[in-house]
Amino acid sequence: MKFAILGSGRGSNAEAILRAWRAGGLGPAAPVALFSDNADAPILRLGESFGVPSALIDPGPFRTKLDPAAEERFATAVRSAGADWVVLAGFMRVLKRGFLEAFPDRIINLHPSLLPAFKGLHAIRQAWDAGVRVTGCTVHLVSREVDGGAILDQAAVRVEDNDSLESLEVKVHAAEHALLPSVIGRLAEGRLRPLERRTAR
Ligand code: GAR
């Protein structure tokens, strides 16, 4: 399972994947490239430290999605890197049909809530504002419904009385850093099989 990582920001999840890979924790899965839509994304510097090629790709004129030409640029870059899977680790643009059809059921996304609760942006804040006592993170297949594809796995995080939004964010991110590499490793080893509505473990 060769995969490309796409990210827009801090890159802490990309780093967790690369660390797990370096430690031999991804089984037969290997990251072969890192791509970003954001020239300032620290994710681009990670490639150098881990010996994985990284590149900025022009995302086109829109802020929250890629236009068809940009989708083609991303798809071509992923294919040229030799990847057949795509891992979205904090990639903050909605992917449309052109990109999804290039890698059918081979794109996974990380989301910082227990889906289907709190889809969309600022999911940790949404959960905090709603006053839930349990939230967490989800890794799912990407489908045309935003944050709506088949759930691969989830990790729960309790909201304690002494938590703040900031401490909750730290806890959700820590859960993400464990969950995403674990899902990639299990997918590669055939221990997670996405089904229509439910993932076989
Ligand atoms: C993560 O919390 C991820 O779940 C979230 O962006 C953050 C990226 O952090 N993704 C989304 O909200 C996607 N809708 P990172 O750049 O440090 O990995």
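Just checking the listed ones, 142, 159, 86: in the Gaussian network model of the chain with Cα springs under 10 Å, the one fluctuating most is 159. Rounded to the nearest 0.05, the FRET efficiency derived from the C-beta distance between residue 40 and residue 162 at R0 = 35 Å is 0.55. Result for the chain in a Gaussian network model with C-alpha springs under 10 Å: among 117, 55, 29, the largest mean-square fluctuation is at 117.
Within the shell of other residues whose beta carbon sits under 15 angstrom from the beta carbon of residue 83, the net charge comes to +2, with Lys and Arg scored +1 and Asp and Glu -1. Max-minus-min Cα coordinates of region 146-185 on each principal axis give 33, 23, 13 Å, with the largest extent listed first. Look at the alpha carbon pairs under 8 Å that are at least 6 residues apart: their mean separation over the length of the chain gives a relative contact order of 21 percent. Of the three principal axes defined by the Cα atoms of the chain, the extents in descending order read 49, 38, 37 Å.
Listed by number, the DSSP H helices of the chain that run 24 Å or longer by alpha-carbon position along their axis and have mean Kyte hydropathy of at least 0.5 are 165-188.
Start at zero, step by 5 Å, and the Cα-Cα distances of region 49-130 spread as 3, 13, 21, 22, 17, 12, 9, 3, 0 percent across the bins.
Spin-label pair residue 117-residue 22: with each label point 7 Å from Cα along the Cα-Cβ axis, the two points sit 3.5 nm from one another.
None of the figures in this text is laboratory data; all of them are computed from the coordinates on show. Note that the structure is predicted; figures quoted are calculated from it, not measured. Cβ sites come from the backbone with ideal geometry, for glycine too, and all protein chains shown count toward neighbours.
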